[in-house]
């Protein structure tokens with residue numbers, strides 16, 4: 001069983017793994033990992049790579065991922081959406097997908113991070129016409145090949161040694177091609193060709 005961490009608008013590598021599997025499982029029982037893909041995504045803007053993080057309510061280092069709650073004390077939804085518009089508003093496919101994604105940045109009624117991420121992931125998979133069965137772990141499990149840590153944004157080796165074919169990015173003229181960004185970078189730039197791109201990715205294990 002492919003075991004992945006919950007991820008906010010996860011990376012290209014994350015979705016490549018999902019595409020390869022008939023089913024996958026989201027780790028719910030781990031102690032929450034700070035400064036990770038669980039509540040952070042990276043897009044490409046005019047000034048280069050831009051990290052967007054979902055603020056969280058106070059938690060302890062013993063709290064499990066399934067218990068982590070989103071904080072709406074600051075208007076991060078507007079900030080994130082404006083960042084998407086600035087980065088991708090001129091792409092060929094932004095207008096095709098914005099109506100599906102926009103509701104996540106208007107409402108504040110999804111309490112748990114894992115629920116927000118999963119509902120957003122469902123929309124992204126549907127936009128790419130990918131159907132996979134997802135479940136949630138019942139207990140924390142050690143794995144020989146642990147994609148929960150390998151997919152961490154801090155793991156530069158994965159990005160540098162894996163194969164991510166180049167595609168046109170809006171600001172690549174200034175910053176060069178940036179591999180393995182948020183799935184929205186792929187969606188807005190490649191549109192219906194995004195799923196075919198995922199098939200071409202080859203990940204270092």
Selection status of residue 181, touching a residue at least 40 places away in the same chain (Cβ under 8 Å) and closer than 25 Å to residue 23 by Cβ: no
Per-region count, the range 137-172, residues touching a residue at least 12 places away in the same chain (Cβ under 8 Å), within 17 Å of the chain's Cα centre (by Cα) and not in a loop (DSSP other than H, G, I, E, B): 5
Enumerated strands (runs of 3 or more DSSP E) restricted to the range 1-83, each holding at least 1 residues that are more than 18 Å from residue 118 (Cβ to Cβ) and modelled with pLDDT of 95 or more: 40-45, 48-53
Failed item in (1) surrounded by 13 or more Cβ atoms within 10 Å (Cβ to Cβ); (2) without any contact (Cβ under 8 Å) to a residue 60 or more places away in the chain; (3) closer than 30 Å to residue 47 by Cα; (4) in contact with a helix residue (DSSP H, G or I) (Cβ under 9 Å, 6 or more places away or on another chain), with residue 93 passing the rest: (2)
Those residues of the range 161-200 which are more than 17 Å from residue 44 (Cβ to Cβ) and surrounded by fewer than 20 Cβ atoms within 10 Å (Cβ to Cβ), in sequence order: 161, 162, 163, 192, 193, 195, 196, 199, 200
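The values are calculated or read from the model by the stated rules, or taken from the named source; none is laboratory data. Source: prediction; values computed, not measured. Don't worry about glycine lacking a Cβ; one is built from the backbone with ideal geometry, like all the others, and counts go over all protein chains shown.
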